[in-house]
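Inspection log for the structure reproduced underneath, given as structure tokens.
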Amino acid sequence: MTNTIIRKAQMSDLPDIVKLAKENNLDRISTASQQKGFLVSNFSMEQYEQCIQQNELFFVIEVAQVVRGFLLAYRKHELDSTSLIYRKIMKHAKDDFTLIKQICIERNSHQHGYGSRLYDYIMLNTEHDIYLAIVLEPINKASINFHFKLGFKQISTFIGEDQKKRGISYWNNPQSVPTYDPSIILQQYEVAMELYKHEDQLNWSKINHLLYVTGGLFAVVSFLSNVISPEDTFFLYFLSVISGVGILASYMFNIAISNGVIYLQRRKQSVVDIEKILVHMGGYKVVSVNYDQLEKHYKRSPTTNVMKMIPKGIGIIWCCVLLVTLMYY
């Protein structure tokens, strides 16, 4: 029986690791070959040497004393916190996590299950959720299907420094999942959604009240203009008072609506936080939707900005009315 072992990478493995990486380099193999097996980005020998020295999770699979593949992973504290993939993962990760940076198998050994064995090994030897980025352009269906069978779920996409589209997938480690009572989580989700909707309706009610007040003030001005000549001093005095009341009302409603928007965003965050738990329990995101790199400008809803602009706009109108009135004195 062939002796197969998985062990931590050593400096003596460096030539074999570099050779395997070149065989599976994304930029060096044909388009047809990209549809099979695992693809790795371009790492130099010095980078692999540094990883052997510093990374805790750098393993090779050795068959009959020959290195047939390797797996390079990073723990959370080993990653650059300013990198795009780190920031993408942190939007989803509950706590610490493991990121698989590269997995590489000898090209004529793909049918021997070495990739699965490397994954089984790291899944048994980490207590955190596992994340990875799969190249989507050109699409590698074999890799996507392989990771899907292992239990990985895609949560986001991004454009890498090499301008290639990648999908971030994660594997939910059973060891990292707290014990939740589904009925309690669902009840809290319903309460959070009701509070979110209530806060949204309350903000629109404030805007309706502001419009009623503004409409009432303009109605008074319109009525008075039919009774008293607009050029009369009393009318101008009364109009300046009404303008002051309108400015004050706009200012007060602006404070109320701005604070209401803050509360609304906090309510939404509560819904998103509970939704993350539901995702880890097998659910799907509904409120917190993923956005591609090209859609980032449309990520934030303009509704909250409209809410805050309405009292400001009405206040500006009253300021203009007051300014014109004072010019006639």
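The values are calculated or read from the model by the stated rules, or taken from the named source; none is laboratory data. If you're wondering where the values come from, they're calculated on a predicted model, not measured in any experiment. Cβ placement follows ideal geometry from the backbone for every residue including glycine, while neighbour counts extend to all protein chains displayed.
Assorted remarks:
- In the range 215-266, residue farthest from residue 309 (Cα to Cα) [restricted to those that are in contact (Cβ under 8 Å) with a residue 40 or more places away in the chain and aromatic (Phe, Trp, Tyr)]: 263
- Checking each residue in the range 250-281 for being small (Gly, Ala, Ser) and buried (at least 19 other Cβ atoms within 10 Å of the Cβ) picks out 250, 260.
- Selected residue [within 16 Å of residue 170 (Cα to Cα), modelled with pLDDT of 90 or more, surrounded by 13 or more Cβ atoms within 10 Å (Cβ to Cβ) and assigned by TED's automatic domain parsing to the domain that holds residue 160] from 114, 121, 74: 74
- Condition met for residue 206 (assigned to a helix (DSSP H, G or I), at pLDDT 90 or above and in contact with a Phe, Trp or Tyr (Cβ under 8 Å, 6 or more places away or on another chain)): yes
- Given (1) more than 21 Å from the chain's Cα centre (by Cα); (2) touching a residue at least 40 places away in the same chain (Cβ under 8 Å), number of the condition residue 278 does not satisfy: (1)
- Residue in the range 62-71 that is surrounded by the fewest Cβ atoms within 10 Å (Cβ to Cβ), counting only those that are of a type in the set (Val, Ile, Thr) and without any contact (Cβ under 8 Å) to a residue 60 or more places away in the chain: 66
- Criterion (within 30 Å of residue 240 (Cα to Cα) and small (Gly, Ala, Ser)) met by exactly one of 151, 215: 215
- Out of 247, 168, 274, sole residue that is in the same structural domain as residue 133 (by TED's automatic domain parsing), touching a helix residue (DSSP H, G or I) at 6+ places or on another chain (Cβ under 6 Å) and not basic (Lys, Arg): 168
- Output for the range 205-230, where each listed residue is farther than 20 Å from residue 319 by Cα and surrounded by 13 or more Cβ atoms within 10 Å (Cβ to Cβ): 206, 228
- Note on the range 77-92: residues that are aliphatic (A, V, I, L, M) and either outside any helix (DSSP H, G or I) or surrounded by fewer than 18 Cβ atoms within 10 Å (Cβ to Cβ) (or both) total 3.
- Every test in (1) in a helix (DSSP H, G or I); (2) out of contact with any helix residue (DSSP H, G or I) (no Cβ under 6 Å at 6 or more places or on another chain); (3) surrounded by 11 or more Cβ atoms within 10 Å (Cβ to Cβ) is passed by residue 192 save one, and that test is (2).
- Here is the figure for the range 167-185: residues that are surrounded by 14 or more Cβ atoms within 10 Å (Cβ to Cβ) and free of Cβ contacts under 8 Å to residues at least 40 places away in the same chain total 2.
- Strands (runs of 3 or more DSSP E) enclosed by the range 93-185 - at least 3 residues per element that are more than 22 Å from residue 275 (Cβ to Cβ) and over 21 Å from the mean Cα position of the chain (by Cα): 97-105
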